[in-house]
Structure formats: C-alpha cells, structure tokens
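Data first, discussion second: the structure below is written as structure tokens.
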Amino acid sequence: MSALKIKGLSLVRADGVTLVDNVDLALAPGETLGIVGESGSGKSLTLRAILGILPAGITATGEIACTARTAMVFQEPATALNPTMRAGDLVARVWRRHHPGRSKADALTAATELFEQVGIDRAADRLRAWPHELSGGMRQRVMIAAALAAEPEVLLCDEPTTALDVRVQAQILDLLRDLVARRSMAMIFVSHDLAVVASVSERLLVMRRGEVVETGVLTEVLAAPAHEYTAELLAANLGRRLKSESRESRESRESSESLGSVTR
Ligand SMILES: Nc1ncnc2c1ncn2[C@@H]1O[C@H](COP(=O)(O)OP(=O)(O)OP(=O)(O)O)[C@@H](O)[C@H]1O
Ligand SMILES: [Mg+2]
C-alpha cells in the first residue's frame, strides 16, 4: 500500500526540453523519503507535479496516484507568507478551509494549539503578529503550522531550512522529525544538502538533471553508494564537515548537523 505512487513522470517545457525524465517514486504511509540533488535537478518541479501546481507551460506525462491528503512547506517563509495577514489568521484560514462550517473562534483555538505543537511560545500573543515581526525560524514554524492545519497524511518539504542559520535549521529539523513521528505522517523532504536530507529520511532518492540516479534505504545508500554522483555528494559533505570541524569550536560543532549522527 502506497500513500503516493509515481510512475514514469516526465515534465516537458513548451519548447520540447525535458526537465524531469521518467521518474518513479513510491511512498508508504508514515515513511520519510529524502530527495537530494544539485540545483536544477528537478526536485521542486517533482513536488509541484505531486501537488498539481506546475508552472504554466510545463506538461506532465506519466502517472501520479495519490490517495493521501498532502500539504507543502516552502523554502522561503518570508515570501511564502502573506505580509498583510497576521500569523494566526493565516493558520486559522487554512484550518477553516479543511473544517467547513466551523466558527472563526474554533479556528483561532485550533491555530493556538498548532502554534504550541510547532514550538511557538506565547502562542496566544504570537497569533496576532505580522510576518515581518517574526524571526526566520518563527516564520518557518508558522508555515509548518499552516501546513499541519490541513491535517496532511503526506507533508512535502521543499528546502524548508535552507534560508535559516545552522542552529535554527537544526531546531526545525528536530521539530519535523518529532511531528512526523507523533502524527504518523509520511514526508518527502527535498534539499540540495545531503547532510540535511539524511538527518530526516529513512529512504533516499538522488536526482541529477531530471533523472533519478539512485534510490534506496538511506543507511545502505550512504554506506555503499551505487552511483558515482551519490559518492561525489557524500565526499563533498564529508569534506565540508571536516573543514567546519577544523574551524568551529567543539561546542558549536555539537549543535550543527552531521552525517555521523544519522549513519550510526
Ligand atoms: N516555470 C518554469 N519554466 C521553465 N523551466 C523551469 C520552470 N521552473 C523550473 N524550470 C527548470 O526546470 C529545471 C528543474 O527545476 P527545479 O526548480 O525543479 O530544480 P530544483 O532541483 O528544485 O533546483 P534548486 O535546488 O535550485 O531549487 C531547471 O532546469 C529549471 O530551470
Ligand atoms: Mg527547488
């Protein structure tokens, strides 16, 4: 049983250029899948195809079978949030869309609970905050609360921590791990950063130039990558980690993400 199954998905631009080529993907209920690949490899377009929000001029062929409710968390909360809507109203509005007939007061109560679940303290006060009054991390928590208001069975995350500094990034990754476990949600987590993807995924799918080059159980792929490109990503990650270790103090190293903690 899959919550989501994609078979032979190809995405083609109006001028005939293939952007995503024959992608297969399956996601079981409650499973976490990481998609990693360099910029332009087709990660975001694949997520958009799943949600049915492809940009104009891009044609999809193949099959997408999705029986689950899905919601998406986008990369850049500063632009994804409506600047003229208070944080609580945004979450309440999504909640009401999924709970037709319920009152505005019920929606604000639900938004308060969702704020608490995503670790926003003083939730009742923060409901009235404008997006520009919140830090980047807080804004991303609001985006996650808005996605949860749709009660998704599959959460799609497109580089949700890329715009954040390492310490806040680690907090948001912790939150996502915790939410996925508590709610038994499935998740697809997309990033160009293998260490980040590895820290939240059970299975890994590696994309390059629109194609899937490798897929498998995370620990197995990391232990023995079958494709040269995966090996390169892994080597680049280890190299970066070594560099940062020689630079950072032990204390800050322990709070930053590391491949070591997920491959044990
Ligand atoms: N609206 C669009 N119209 C035409 N081409 C597009 C459009 N959006 C994306 N593309 C092209 O499709 C390819 C895949 O883009 P996509 O955004 O899926 O990459 P990505 O893997 O998410 O990259 P990044 O890591 O930079 O976010 C790229 O070559 C990109 O230029
Ligand atoms: Mg992208």
- Query: Quick check, is Ile35 surrounded by 17 or more Cβ atoms within 10 Å (Cβ to Cβ) and within 11 Å of ligand 1 (Cβ to nearest atom)?
  - Reply: yes
- Item | Per-region count, the stretch 114-129, residues touching a helix residue (DSSP H, G or I) at 6+ places or on another chain (Cβ under 8 Å) and free of Cβ contacts under 8 Å to residues at least 60 places away in the same chain | 11
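Would you check if there is a residue in the stretch 124-142 being part of a loop (DSSP other than H, G, I, E, B) and crowded, with 23+ Cβ neighbours inside 10 Å?
Of the residues in the stretch 124-142, the ones part of a loop (DSSP other than H, G, I, E, B) are 127-130, 134-135.
The next check asks that each one be crowded, with 23+ Cβ neighbours inside 10 Å; those that pass are none.
No; the residues of the stretch 124-142 include none that is part of a loop (DSSP other than H, G, I, E, B) and crowded, with 23+ Cβ neighbours inside 10 Å.
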- Checking Gly210 against (1) in contact (Cβ under 8 Å) with a residue 12 or more places away in the chain; (2) more than 16 Å from ligand 2 (Cβ to nearest atom), the condition it does not meet: (2)
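Listed residues Ala65, Ala60, Ala71; which is out of contact with any Cys (no Cβ under 8 Å at 6 or more places or on another chain) and either part of a loop (DSSP other than H, G, I, E, B) or within 15 Å of ligand 1 (Cβ to nearest atom) (or both)?
Ala60
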- Query: Which of the residues belonging to the stretch 113-125 are under 23 Å from the mean Cα position of the chain (by Cα) and of a type outside the set (Asp, Glu)?
  - Reply: Leu114, Phe115, Gln117, Val118, Gly119, Ile120
- Note on the structure: The number of residues in the stretch 174-222 that are assigned to a helix (DSSP H, G or I) and touching a strand residue (DSSP E or B) at 6+ places or on another chain (Cβ under 6 Å) is 5
- Being of a type in the set (A, V, I, L, M, F, W, C), buried (at least 18 other Cβ atoms within 10 Å of the Cβ) and more than 16 Å from ligand 1 (Cβ to nearest atom) is the filter here, so list the residues in the stretch 176-201 that pass it. Leu176, Leu179, Val180, Met185, Ala186, Met187, Ala198, Val200
- Count, please, the residues in the stretch 43-79 that happen to be more than 17 Å from the chain's Cα centre (by Cα), more than 16 Å from ligand 2 (Cβ to nearest atom) and in contact (Cβ under 8 Å) with a residue 24 or more places away in the chain. 10
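No value in this document is a laboratory result; all are computed from the given coordinates. Predicted, not measured: the structure shown is a model, and the values here were computed from it. Glycine also receives a Cβ, built like all others from the backbone with ideal geometry; neighbour counts cover every protein chain displayed.
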